[in-house]
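Structure first, commentary second.
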Amino acid sequence: MVVEVDDSGWGDLVGGVVIVMRRIGTNESHTGEIPLELFQGTGFKYKGYLRVATEIILEGLDALKVPKTEPLHICSGYVFTTAKETLRDLGYKVVESRIVGETQTLAEETFLKSLVQLGLGELEYIRSMRSFNRLLDWVHEDLEERERYVKTGWKSWSKHRER
């Protein structure tokens, strides 16, 4: 069997980042979220999101009872940089992969639900505005109130903020 690991939300302006692990064949899964606060202020400055991504995956390995002989197909995204090193050091077989299909869909849906929990609105409303520019427009409609939902640690935010 194989366990796939994917993220969703990294390239999005708002919200945190969700991480999904799914075992191919049995469809067992484990999810976790890197909170938005780690993409703002000192949380972002010190890259705490890399540590939390690693912790989520380690928790998932325990929850799914993944043996070191079972390959881990991990998305090549930056958020997994530290996790991949740690997993290799622990003796896991890590394969950088492009994650598509059911695992990617699960990650996307989990991220959308995280935005609902964050308070952005109903699921269908969020789904309808899921693009960088539409979310940017949404933030600017009430910047004072909605900037708290933004990954403000990104250098590009200052440019987008002033648009």
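Each value in this text was obtained by applying a stated rule to the coordinates, not by laboratory testing. Quick caveat, the model's predicted, so the values are computed rather than measured. Methodologically, a virtual Cβ is constructed for each residue, glycine included, from the backbone with ideal geometry; neighbour enumeration extends over all protein chains shown.
What is the range 24-73 by shape, rounded, prolate or oblate, if you read a ≥ b ≥ c off the alpha carbon gyration tensor as root eigenvalues and call it rounded for a/c under 1.5, prolate for a/b larger than b/c, and oblate otherwise? It comes out prolate by the Cα gyration axes.
Could you tell me which helices of the chain pass both thresholds, a Cα extent of 18 Å or more along their own axis and a mean Kyte-Doolittle hydropathy of at least 0.5, with helices taken as whole DSSP H runs?
Once both thresholds are applied, what remains is 48-63.
For the chain, DSSP calls about 65 percent of its internal beta bridges antiparallel.
The local environment of Ala107, defined by Cβ-Cβ distances under 14 Å, has a net charge of -4 under the rule Lys, Arg +1 and Asp, Glu -1.
Calculate the FRET efficiency for Asp142 and Glu70 from the Cβ-Cβ distance with a Förster distance of 41 Å, rounded to the nearest 0.05.
On the way: r = 47 Å, r/R0 = 1.14.
In this case the efficiency is close to 0.30.
According to the Kirkwood relation over distinct C-alpha pairs, the hydrodynamic radius of the range 3-162 is 16.3 Å.
Of the residues Thr110, Leu50, Gly121, the one whose Cα sits farthest toward the positive end of the charge dipole of the range 3-162, with +1 on the Cβ of Lys and Arg and -1 on the Cβ of Asp and Glu, is Leu50. Taking the fewest neighbouring Cβ atoms within 10 Å as the starting point, the ordered list for His73, His160 is His160, His73. Fewest neighbouring Cβ atoms within 10 Å first, the residues Val150, Val79 line up as Val79, Val150. Summing +1 for each Lys or Arg and -1 for each Asp or Glu among the other residues whose beta-carbon sits under 10 angstrom from that of Leu135 gives +1.
In sequence order, the range 18-24 has phi-based couplings of 9, 10, 10, 10, 9, 8, 5 Hz under the Karplus curve 6.51 cos²θ - 1.76 cosθ + 1.60, θ = phi - 60°, and Gly or Pro positions carry x. The chymotrypsin sites (Phe, Trp or Tyr not before Pro) found in the range 33-93 that occupy coil by DSSP, while having at most 14 further C-beta atoms within 10 Å, are Tyr46.
Restricting attention to the chain, the count of lysine pairs at 8 or more positions apart or across chains with alpha carbons under 22 Å apart stands at 15.
Comparing Glu145, Glu70, Glu85 in a Gaussian network model of the chain where C-alpha atoms under 10 Å apart are linked, the largest mean-square fluctuation is found at Glu145. Around Gly43, under 12 Å between beta carbons, what's the net of Lys plus Arg minus Asp minus Glu among the other residues? Charge balance in the 12 Å sphere: +3.
In a simple Cβ point-charge model (Lys, Arg +1; Asp, Glu -1; nothing else charged), the chain has a dipole of about 540 debye relative to its Cα centre.
Over the chain, dividing the summed -39,500 (n - 2.57) contributions of all DSSP H runs of at least 4 residues by the number of residues returns a 222 nm mean residue ellipticity of -13000 deg cm²/dmol. In terms of Cα atoms, the Rg and Dmax of the range 39-125 work out to 14.9, 43 Å.
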